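For reference, the structure discussed in these notes is given below.
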Amino acid sequence: MVENATLVKEVLKTLITISGRKTTQSHAIYLVETTIDKLRKQYSFLDTISIKDTTYLEDTDQITIMGEVNNINSNEIGPAVKDIISQLNKSLGADAGHFFLKELSRKLNDESVSTLKEIGIDLDLMHLELQVSKMEQDMLK
């Protein structure tokens, strides 16, 4: 099982990378920052995460996560990470693309995908739920 800080950092970096290809790197970082800011009240440990735009900086880590995140129960980490992924997907809207969650699943390493499943985040299931929801909306039109 991957440590919480490592898992959250990898998910955020991957989200920024994928989103950055759909918009710009700076806009992707802004969207992730905004999403986390919206969720801080709900998940207090998100205060330990800092993201900065390093587009024009060298040798700087864009995501900093304090080590105490590793002490947080996975029951709290799971829903927060799932909300970050879901809200970012909504924020990107049509720009996210049909395979946003599939791409996220492919880009994360296998151990991280397994850890996500262990803490209640099944990216394939989320993708399927999104497809069903879209089909339902299309049928109602």
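Every read-out reported here was derived from the displayed coordinates using simple, explicitly stated rules and does not represent laboratory data. Source: prediction; values computed, not measured. Virtual Cβ from ideal backbone geometry, glycine too; neighbours counted across all protein chains shown.
A DSSP coil position with no more than 16 other Cβ atoms inside 10 Å describes the following chymotrypsin sites (Phe, Trp or Tyr not before Pro) in the stretch 3-105: TYR56, PHE99. Relative to the Cα centre, the charge distribution of the chain, modelled as +1 at Lys and Arg Cβ and -1 at Asp and Glu Cβ, gives a dipole magnitude of about 480 debye. Which of (i) 13.9, 40; (ii) 15.0, 50; (iii) 14.6, 41 is the computed Rg and Dmax of the Cα atoms in Å for the structure on display? Evaluating Rg and Dmax of the Cα atoms in Å on these atoms matches (ii). Model label points for ASN70 and LYS141, set 7 angstrom from Cα along the Cα-to-Cβ axis, are 4.8 nm apart.
Rounded to the nearest 500, the helix-only mean residue ellipticity at 222 nm of the chain stands at -20500 deg cm²/dmol, with each DSSP H run of n ≥ 4 adding -39,500 (n - 2.57). For LYS90 and SER26 in one chain, what is 0.36 nm times their gap in residues minus the Cα-Cα distance, to one decimal in nm? Here the answer is 21.3 nm.
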